[in-house]
Structures are given as C-alpha cells and as structure tokens.
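Enquirer: Dropping a structure here in structure tokens format, bear with me for questions.
None of the figures in this text is laboratory data; all of them are computed from the coordinates on show. Model, not experiment: these values are computed from the prediction. Neighbour counts run over all protein chains shown; Cβ positions are idealised from the backbone, glycine included.
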Amino acid sequence: MATFYAGLLSRLRGREVLLPLLLFSLVVPVVLASVRATAGVAEGLPLGEVAPWWQLLLVFDLVYVTASALLFPLVMEG
C-alpha cells in the first residue's frame, strides 16, 4: 500500500507531506480492526463475535490488492 502511494506521489512537489496523510487515513482502519480482532481472540470471545473484524480485514485486503494490481502500470507510466 505504501509503495503504491509512493509511486503515485513520486512526481508531485508536496509528496513529503501528502504521503503520510494518505497512509494514515488508510492504516487506521487496519490497525483498529487488527487490535479489536486480536483482543477478542485473546479474551476468549466466540469467533462469531470476532468474525466481523476479520471480515473487514479480508475485504480491505482484497480491495487494495486488486486496486493496486490494476492501477500499478498506470501509476508507473506517469
């Protein structure tokens, strides 16, 4: 994810400021879902209660892997 956005912003003047802003907005949901899912498993909650957090992580992963794979050639062309 970071590599994709770094390539996307490589030709912009304010990339040093934009990259952390973009990454922060994308990493927060992943970290939140990971913490909630791990805490639920560590507390011994039933998997049915923790499953929505794992599903969110799976959907997030699928969306960004697919989008990055499809858009990477366009980003690298410039």
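Enquirer: Kindly establish whether P29 is of a type outside the set (S, T, Y), exposed (fewer than 10 other Cβ atoms within 10 Å of the Cβ) and at negative phi.
Expert: no
Enquirer: Continuing with the same structure: Mind listing whichever residues of the stretch 38-74 are farther than 23 Å from A2 by Cα and either part of a helix (DSSP H, G or I) or touching a residue at least 24 places away in the same chain (Cβ under 8 Å) (or both)? Show your work before the answer.
Expert: Residues of the stretch 38-74 farther than 23 Å from A2 by Cα: 38-52.
Correct list: T38, A39, G40, V41, A42, L47, G48, E49, V50, A51, P52.
Enquirer: Here is a follow-up. Filter the stretch 1-37 down to the residues that are of a type in the set (G, A, S), within 23 Å of E77 (Cα to Cα) and touching a residue at least 12 places away in the same chain (Cβ under 8 Å) and list them by number. Break it down stepwise before answering.
Expert: Of the stretch 1-37, the ones of a type in the set (G, A, S) are 2, 6-7, 10, 14, 25, 33-34, 37.
After this cut, where a residue has to be within 23 Å of E77 (Cα to Cα) as well, the list is 2, 6-7, 10, 14.
Matches in the stretch 1-37: A2, A6, G7.
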